[in-house]
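Taking it in order: structure first as structure tokens, then the write-up.
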Amino acid sequence: EERGRILENIPESKKPRAPSSSKRKKTPHGKIGFESLAKVIGQRWQNLTEDESRRYKDKAAEDMKRYKKEMDEYMTKQAAAKAKKEEGEKMTERGGDKSDEPGSVNLRKETPGQPEGEEDADDSETEKQIKKRRTR
């Protein structure tokens, strides 16, 4: 809206516009360039009264609070998602076995001194028979 008010006060240029393929600076609407517009806005900011500038500074402070709140929520969600992903990766590394967690029951039949993951020969034979029945 401020840009529109500034542009209203600038007279139309009577010079023909250069073709868009030229290498020189272009003014997109034929009235004022970005640099000139920035200077006008800067000058107007300097000329604002304390009450007028306070209004904009209050809006900026309010928006910063909103931004920080939203970023905190986002970062909390990201941290939770990362922790969940890392837990899933740990589970995959352990083969989905939760027997190391407190309160879980270890259903694997292991012989003392036997490496983890190796069952007795007759146990693996029984498992083969069960799988065979399931595929029938």
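Each Lys or Arg adds one and each Asp or Glu subtracts one; over the other residues with Cβ under 12 Å from the Cβ of D51, this totals 0.
Derived scalar couplings between HN and Hα for region 69-76 equal 4, 5, 5, 4, 4, 4, 5, 5 Hz in order, rounded to whole Hz, by the Karplus curve 6.51 cos²θ - 1.76 cosθ + 1.60 (θ = phi - 60°), x for Gly and Pro.
The count of lysine pairs in region 50-90 with alpha-carbon distances below 13 Å, taking only pairs 8 or more places apart or on different chains, stands at 4. Percent of Cα pairs in region 50-90 per distance bin of 10 Å, from zero to the largest separation: 27, 26, 19, 15, 9, 3.
Measure off 7 Å from each Cα along the Cα-to-Cβ vector at E35 and K65, then give the distance between these two points in nanometres to one decimal. With each label placed 7 Å out from Cα toward Cβ, I get 4.1 nm.
Since every read-out is calculated from the coordinates, none of them should be taken as a lab result. Everything numeric here is computed off the predicted structure, so don't read it as measured data. Cβ: placed from backbone, ideal geometry, glycine included. Neighbour counts: every protein chain shown.
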